[in-house]
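Presented below is the structure to which this report refers.
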Amino acid sequence: MEHVTRIVIIGGGPGGYEAALVAAQLGAEVTVVDRDGLGGSAVLTDCVPSKTLIATAEVMTTFDSSYEELGIIVADDTPPLERAARVVGVDLGKVNRRVKRLAIAQSHDITQAVTRAGVTVLRGKGRLGADGQGVDGSREVLVDREDGSTETLRADAVLIATGVRPRELPDALPDGERILTWTQVYDLEELPRELVVVGSGVTGAEFAGAYQALGSKVTLVSSRDRVLPGEDPDAAEVLEEVFRRRGMNVMSRSRAETVKRVSTRTGATAGATAGSPAGGGAGEEGGDDHVEVTLADGRVITGTHCLMAVGSIPNTADMGLEQAGVTLNDWGQIKVDRVSRTTAPGVYAAGDCTGVFMLASVAAMQGRIAMYHALGDAVQPLNLKTVASNVFTDPEIATVGYTAADVACGKMDAVEIKLPLRGNPRAKMQGIRDGFVKLFCRPGTGIVVGGVVVSPRASELIHSISLAVDNNLTVEQVASAFTVYPSLSGSTAEAARQLHIRKREDADS
Ligand SMILES: Cc1cc2nc3c(=O)[nH]c(=O)nc-3n(C[C@H](O)[C@H](O)[C@H](O)COP(=O)(O)OP(=O)(O)OC[C@H]3O[C@@H](n4cnc5c(N)ncnc54)[C@H](O)[C@@H]3O)c2cc1C
């Protein structure tokens, strides 16, 4: 009888469900164990909800920042000087209901697709069994079900794709009402009047920009010199300048130490304790509450709400991993190689719990690679140099390939060009003032090795540069492809043309 490989996947986010689809297509018997719902945090609390919220914010910013220049008249009798700067408003309760509806619908669609492919989905908490590898080389996976029972599965290969959760600081514990993590903001019915965002990485910057656009007064507390310390410095500078111009209070080199909820009626500290009594939104019973954020240098910032975006913790504890021979690093992330193998035979890991590159696309790719490898299919090891990523602020910041930091530290020898969008005809027509296209190419061959786009919808514009990086195209090849006139992508071709000219001048000199 033909042996059918049994695969058990713990975690149903992009790392898990994409792997499940591939494994089922390759003929394996596949079970996905997930405790919260398929789609994982990516669909239920992180990526999909935040981008849905940002979709509303984007419409607000586009309208707000360009309607006057584009000649649009707003029917508003209020004399201009008395009229608030903002002419459109938002019903946050409605926005958040849409966010949650879309997330649940997407999780449902994924469950249907996975089930249709023949995958068994088990709701519960999975962990590796104590007996390690059985005599037949199989592994034991225990599933703690919601009814209190425990189910035992045997697998020829196990994939761990359990993701991460928001990091909490002991002196700034979220209460889900005034002090929030990014998973809790979708329960708000009213827009925070004054939002303090702690953390200026991608998540902090995206939420700070979004709430600013929706109408909150935002303070962004950053412990670093500038926002987005991990991104292209020119791109981060543009964004910080835009944030400040729009009225955001960006506090650099400011480390938040404690966050407290305070009731001004009683003067009492409501406490930064998880599960503290309900206070409601601004303007409701308890609506005089505010939050106090104390910085390391003693300064205190107040707001009506605080969003903590200070990183994440991998969901790898109490899963029997180390007992099974799976090595974790000091942060609890699972050590994997480029085909997603852990240090334990037959155990693979994918996605955020490995800390390799915290993106849904990378999680999915790691999961698929694990299954190709486990099931003996042709496999290409993970190549992080072709990953395209995007910061969904306004303007967006999209990046692919080698970066300015790689060039600066000598990891890649490349020449660079930066073309501001200001000179692009389509940008002028659309009233776009901020942003640029940056390309990096090898000095001798002109092969494109990286790029950055800062613009509205940069996430769409980066694809041509991704294609170039992935296929080792030269600047000549990128420059010779037609672009539409007028279009923002014309700037990518123009940047490639200018790099080509510079290359020729360098060769002549
Ligand atoms: C606010 C925010 C916005 C983001 N936006 C983007 C974006 O726009 N684009 C992008 O590419 N990435 C984005 N990311 C990152 C992206 O969400 C992650 O990279 C992605 O979710 C990783 O997928 P994963 O499969 O590793 O884990 P997850 O999506 O976290 O899924 C893991 C699943 O495992 C379950 N689980 C955990 N432990 C167990 C257990 N013991 N047993 C059973 N189930 C378990 C969890 O409940 C969860 O359902 C964003 C992240 C955040 C925080």
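Brief remarks on what is shown
- Each Lys and Arg Cβ is given +1 and each Asp and Glu Cβ -1; about its Cα centre, the chain then shows a dipole of about 660 debye.
- Heavy-atom accessible surface of Lys260, to the nearest 10 Å², is about 80 Å², with a 1.4 Å probe and all protein chains retained.
- Tensor-based shape of the chain (alpha-carbon gyration tensor, a/c under 1.5 rounded, otherwise prolate or oblate): oblate
- Cα centroid separation, segment 84-154 to segment 1-47: 9 Å.
- Of all DSSP beta bridges in the chain, antiparallel share, percent nearest 5: 65 percent
- Dipole magnitude of segment 313-400, debye to nearest 20 (Cβ charges: Lys/Arg +1, Asp/Glu -1, about Cα centre): 320 debye
- Relative contact order, whole percent, for the chain stands at 14, derived from Cα pairs under 8 Å and 6 or more residues apart.
- Counting heavy atoms of the protein chains alone, Asp508 has an accessible area of about 130 Å² for a 1.4 Å probe.
- A 1.4 Å probe run over the chain, with the rest of the protein chains in place, finds 47 Å² accessible per residue.
- If you sort Tyr17, Tyr372 by accessible surface, 1.4 Å probe, largest first, the order is Tyr372, Tyr17.
- Helix content alone sets the calculated 222 nm mean residue ellipticity of the chain: runs of n ≥ 4 DSSP H residues at -39500 (n - 2.57) each, divided across all residues, give -9500 deg cm²/dmol.
- Listed residue (Gly15, Ser41, Ser466) projecting farthest to the positive dipole end of the chain, Cβ model: Ser466
- Lysine pair number, Cα distance threshold 24 Å (strictly under), the chain, separation 8 or more or different chains: 20
- Percent carbon-and-sulfur accessible area, segment 291-351, ignoring ligands, DNA and RNA, probe 1.4 Å: 49 percent
- Largest-first ordering by accessible area, 1.4 Å probe, given options Ile160, Ile432: Ile432, Ile160
- Charge dipole (segment 424-509, unit charges on Cβ, about Cα centre) - positive-most of Val449, Leu488, Ala507: Leu488
- Charge context of Val379, other residues only, Cβ under 10 angstrom, K/R +1, D/E -1: +1
- When the Cα positions of Pro166, Val242, Leu220 are compared along the charge dipole of the chain, Val242 comes out farthest toward the positive end, with charges on each C-beta of Lys, Arg, Asp and Glu.
- Around the Cα centre of segment 352-509, unit charges on the Cβ atoms of Lys, Arg, Asp and Glu (plus for the first two, minus for the last two) sum to a dipole of about 340 debye.
The values are calculated or read from the model by the stated rules, or taken from the named source; none is laboratory data. Since the model is a prediction, treat every value here as computed from it, not as a measurement. As a convention, Cβ positions derive from the backbone with ideal geometry for all residues, glycine included, and neighbour counts pool all protein chains shown. Note: accessible area is taken over every heavy atom of the protein model, side chains too, but ligands, DNA and RNA are not part of it. Shrake-Rupley method; radii C 1.70, N 1.55, O 1.52, S 1.80 Å.
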